[in-house]
Structure formats: C-alpha cells, structure tokens
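Quick note: the coordinates plus some simple rules give every number you see, no bench work behind them. Because the structure is a prediction, the values reported are computed rather than measured. No Cβ is skipped: glycine too gets one built from the backbone with ideal geometry, and neighbour counts run over all protein chains shown.
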Amino acid sequence: MKQQDSQKHSSLVALRHSAAHTLAQAVKKLFPTAQVGVGPATEEGFYYDFRYERPFTPEDLERIESEMKSVIRASFPIVRRPVSRSEATALFSGLGEPFKLELIQGIPDEAEITVYEQGEFVDLCRGPHVPSTGDIPAVKLLSTSSAYWKGIESNPSLQRIYGTAFESEGDLDAYLKQLEEIQKRDHRKLGKELDLFRTLDEKGAGLVLWLPKGSQVRRTLEDLWKTLHDQHGYRYVYTPHIARLDLWKQSGHWDYYRDSMFKPMETEGTSYELKPMNCPFHILIFKESVQSYRDLPIRLSELGTVYRYERSGTLHGLMRVRGFTQDDAHIFCKPEDLSDEIQKVLALVDQMIGRFGFQDRTVFLSTRPDKSVGSDENWAMATDALKSALEQANVPYEIDPGEGVFYGPKIDIKFHDAIGRAWQLSTIQVDFNLPEKFDLTYRNAKGEVARPIMIHRALFGSIERFFGILIEHYMGAFPLWLAPEQVRVMSLADRHIPYAQALVDRLKSLRVRAEGDFRNEKIGFKIREAQLWKVPEMWIVGDREVQENRVSLRTREGEKSDLIPQETAVGDLLARCRPAEWAGNPWP
C-alpha cells in the first residue's frame, strides 16, 4: 500500500510539474515579453514565477488558463533533450531569459544539463514530466502573489502564479470544495473578526500581538500544558532571550542554522545572539544540577520564546512567524532508559493533543540523513530505541528514510483536523551530539563517568502555530472549556439587570469566563451578536427567571433550554469547564 501511495505521489508530482511548464508556455504566448523564473510542483499543486512590466489581473488569469487548456488539447509531446553548457547558454541567451542563464551558471560542471520542449516552448529542467501536455486531465489557476527571485529580498521582485492539477476532474472539484472550506476557516480572517490576534506587519513583520481574547485562549492552553507536565514529572524552568554568540557556536546552531538566525548584537565588544532554540540553556541547567545516576531522568520544560529570521515572503499569519513560543522540553536520561522515556512522551502526546478533537494521526520514524554527526553505533542505538518505544506502545508508524535531524533520529506525529488536513505537531528527537559537545556526564551505578542521552520534544510545536491550527480546526468556535468567553448573560429589560449582574459575578467568582450584555436592545439582536462572536452559551434573564431564580439557555448552535434552576445550570456548567477536569478525566 505504501509503495502504491508513493507511486501515486510521484505520478502527481510529474503531472503538476508538467502543468507548471504549460502555465509558462501559456504566459509566453499571451505575454511575450514576460521572463520566466522557476516553476516547481508543490504539495498542493504548482506555481511559476515571472517578471513582467505590470501585475497580472484576475482577467489575465482567466486568459492564461484558457490558453493552458488549448495547449493541453493540442497534446504536444514533452521531449527531454540533454544539452551542453554552451548550448544551454546560447539557447536561453537568445530567448532573453536572464533567470535561466543564472540557473545554468549555478549547475555543477559534472552535472548533466537538460531541457524539455513542448511545442514552441522550451525550459531548463531536470524533470520528471508526463509524456505529453494531453496527459494533464484537470488544471485550475488559483491566485497570484509577489515573490523575490530565489527568496532573497535584494533580488528582483517577480510575480508568482499558483495553480493545481489532478488526475481527474472529480479530484479537482473535491479539492476546490475543500479549498473553499479552507478559505472560510482561514485563521488570519477569523483572528481579525473575533479579535484574537494581530500581526505587527510594517512595525515588525512576523511578530504577533495577542489581543485579550486570544490571550485568554493561550492562557488556558498554557495552564493545561503546565498542569500535565507537573503530573508527568517535569521541572519548569525559565531561560534568557539572548546569550553570548559563543554559546550558539558551541551548540552548533551557528554553523547549521545561521541563515535562520538574526544578526548578532555587539555590546561592550562582545557579540550576543537572540536565541533560536532553548536547548543550550537547558543543558547549562543540567550541568549545574546532576552528579549521579540517581538524579536521572531529568525532565526540564519551558514555554520559551525564540526568534528566527524567516524571509518576508514565507511569513504567514500565525503559521510562519519570526518570534514564537516553543512548548519545549528536554529529557536527560541513562541510555538504558531511553525507550521507556520515549514511551512516556508518547503517552503525554496522547493525553495532551487528544483533548482537542483531532480525527486521526500518522506517525513517522525519521532515520539518518546524508549530512549527520555521530557514530553508526549511536545512530543504531537511538533508532532502535525509537522503534522499540513505538512498538511497545502499539503505535503504528511509517519509516521516513533520511529525514532525521543531523544529530539523531526522530519521531514526527501528524494530526488530522476537522476537514482532514494533516498538521505536523508533536516531535520526539534523540540527541547524542549535544551531550558530547557540552561534555555532559554523570556517575553511573558503578561509580564510572557516563554520558546521558538527550531527548528534545515538543507537543504543540509552538503556541502561535498551534493556536492558528485550532482556529481553523474549530472554525473559531472553540469548545466550552477553551473559549475566551464561555457564557454571556443577557437581560430582557433594565429591571432584570441586578439579577443578571449578580449571576455574572457569581460565575466569575467560580472562575467561569462570563460577561454580561445589559444593553437596551432586542434579545434576538443580542443572541445573534453573541453567535457571531461564537460564544458557546447565552443565559437569558427575564421576569420568570428572576422570580423563580432560573435562567433560560441558548447555545451558539441554536439549541434552547428554558427556565433551568440557577443551581442546576451553574453546577452543570462547572462540571463541563472547571480546571479540576484537568486531573485526567475526558474533556467535553
């Protein structure tokens, strides 16, 4: 089955790559002065970058798509042709394609250079492609955006046209319907409508302002996270936001992640660096506290804000930012305890992420990449420990060859949201490199000096990205326990306000997130407004409710329950949303 899935994926990649070439052919036919950049297949479709003297309009996209379909009907053979470096240079120089000439210059001398031809169009490309343009059954152009050449801000700004292609019109229609659903759930749109967060944009691209409602959701997430980590034997720590550059050189981050780090700051002749990771600080804490095997395992956890330089063209709401809070933890253990500790992390993943109603999960075991550090023995030991933990926990998994991190193998867990999209959330990484770099040791049971194994792990990944995923998963309608406003108490007339206000005060004293709406407006208007704000419950107070010490309840889904005794309503509410539920009982 996995081989069939892999073959289907490869076939779709070739189809979409060919569709990208067909897009470029159509653009060159309609806009001959346009210069072409690159046009790869992507996970969701394809794109191609162009330099043109004016922005492409929606009307242009309609014309381009129509021309693409003409090219497809013509069923031009897609022909691969090896060429020499001089031939390629002469060809694209004659075509007036400077970006292709730059790509040719970057091809190693020993590498083969190939072009692909279809009709009058020729492109520098390694492939793969379908046999002819007629083998592209279903294609659709979607949108345009700006993009810097090679993603570098100092390079020319190009126009990127996005599209998608499938092996049948039915598959394309299903994708377009899902795309409509995705657009309705866009966390950037909902975040603005529901006053959850803002991004700084021109005041600091990639940085997030958490508004009061979004901050309340974050606080609930963090409280849950801390409670469960307390129960699982973690010790909570705080670490600085910056350190001397020497620390990041020692850890290897400066060598491996320099392009994703902000430039160092010079202070009194010393270079300081914003932290891109929390792990070196946790290592320093370990060195301060551990002497014996009896101290192990040490589980250090932190909601630590880190900073990474993401190129402006890659920033995307909460999903890709420059400052974010990792739900980070590092476990230092004896080698013989590695499998057991990984199993405990897997159990914590289920306990934590299982509370959010994701439909399914897929687990990957990523093995040694080509560029890595450490001995074969260490890699084999760490990989076997991950396999053993997964198998003993009865967790099905797939091998993801060569996708481990440079310092060790890892487990990645993808969870599927309400509309079936897979999101990479939890990760468990085994590291024997940093303990060596920082010379971490302890005395084993024989009194000998031994080296611990280090486990890096995150459950949410980052608070920002996880919040964005939750907004889209719930479509902004957070469950009662997580909602920023759980109950809105509404009065029918001014004479009902004292009773309603006392009810709000009582709920707040019980740590329920309650607000009152006592405006002189019709109750239908108040209910509709609360539903737009996606408040889970509305408690309505009128004459009978006041006289009989009752409430009438409405939900955001439109369900009604009239004249419930106040004690019953409050007791039922607390049973469904009190923090005491965090002790381990299932959440509603």
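A few notes on this one:
- Contact order, relative form, for the chain: 10 percent (alpha carbon pairs under 8 Å, 6 or more residues apart, mean separation divided by residue count).
- Protection proxy ranking, peptides 304-312, 75-83, average beta carbon neighbours within 10 Å, highest first: 304-312, 75-83
- Restricting segment 357-458 to trypsin sites (Lys or Arg not before Pro) in coil, as DSSP defines it, with at most 10 other Cβ within 10 Å: K371, K446
- Under 21 Å from the Cα of K213 - lysines, other chains or at least 8 residues apart: K184, K189, K192, K226, K508, K526, K534
- Of P131, S168, F92, farthest towards positive along the dipole that unit charges on Lys, Arg, Asp, Glu beta carbons give segment 92-205: S168
- Separation in nanometres of the label points that stand 7 Å from Cα toward Cβ, at R544 and E266: 7.8 nm
- Antiparallel DSSP beta bridges within the chain, as percent of all bridges there, nearest 5: 85 percent
- Per residue of the chain, the DSSP helices (runs of n ≥ 4 H) give a summed -39500 (n - 2.57) that works out to -11500 deg cm²/dmol at 222 nm.
- Coil-residue GluC sites (Glu not before Pro) of segment 332-405, DSSP, other Cβ within 10 Å capped at 15: E403
- Relative contact order, percent, segment 37-142 [alpha-carbon distance under 8 Å, six or more residues apart]: 30 percent
- Net charge of Cβ neighbours under 9 Å - reference L563; Lys, Arg +1; Asp, Glu -1: -1
- Neighbour cut-off at most 15 other Cβ (10 Å), DSSP loop, GluC sites (Glu not before Pro), segment 50-121: E53, E110, E112, E120
- Inter-label distance for S157 and E180, nm, one decimal - labels placed 7 Å from Cα along Cα-to-Cβ: 3.3 nm
- Among A74, H282, V38 the positive-end extreme of the charge dipole of the chain (Cβ point charges): H282
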